[in-house]
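Colleague: Here's a structure for you.
Only the coordinates and a few stated rules stand behind these numbers; no lab work does. Nothing here was measured: the structure is a model prediction, and the numbers come from that model. Cβ placement follows ideal geometry from the backbone for every residue including glycine, while neighbour counts extend to all protein chains displayed.
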Amino acid sequence: METDSEVFTPNSNIEEEEEDIEDNTIVTPEHWEQELGEWEEMLIEEGLAQLEEEEELRSNSDNNMKGDLLSEYIHPAIDKKAKWELKSLFSSSLNAPNYLNIESNE
């Protein structure tokens, strides 16, 4: 029984991979410069896309975040009005605990 389908041999895949590698191998300095130029263009495009995305997020956040508690929150380290003085936190009628006595009762 004879078929027209290709016969699988282990070496056929290796040969295809070698051909792919040869196609992607940089041989000349001009080819290398061309590859570097393409990579540089891709990096520039990626940077521009990132800047556009950040700008879009900024413009959307201004509109969508009004009234949001987290966006309006100011950390106490930045807000001077949010800090309390320690003497206002504790009652002056409190005495030091016994274990803090420096004098020993021996």
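Colleague: So if each residue of separation counts as 0.36 nm, and I subtract the Cα-Cα distance between LEU57 and GLU41, what length gain in nm does that give?
Modeller: Full extension of this stretch gives 3.3 nm more.
Colleague: Using a cut-off of 14 Å between beta-carbons, work out the net charge of the residues near HIS75 (Lys and Arg +1, Asp and Glu -1, HIS75 not included).
Modeller: Net charge in that neighbourhood comes out at +1.
Colleague: Moving on. Starting from the 7 Å offset along Cα-to-Cβ, what nm value, one decimal, do you get for the label separation of VAL27 and SER92?
Modeller: 9.3 nm
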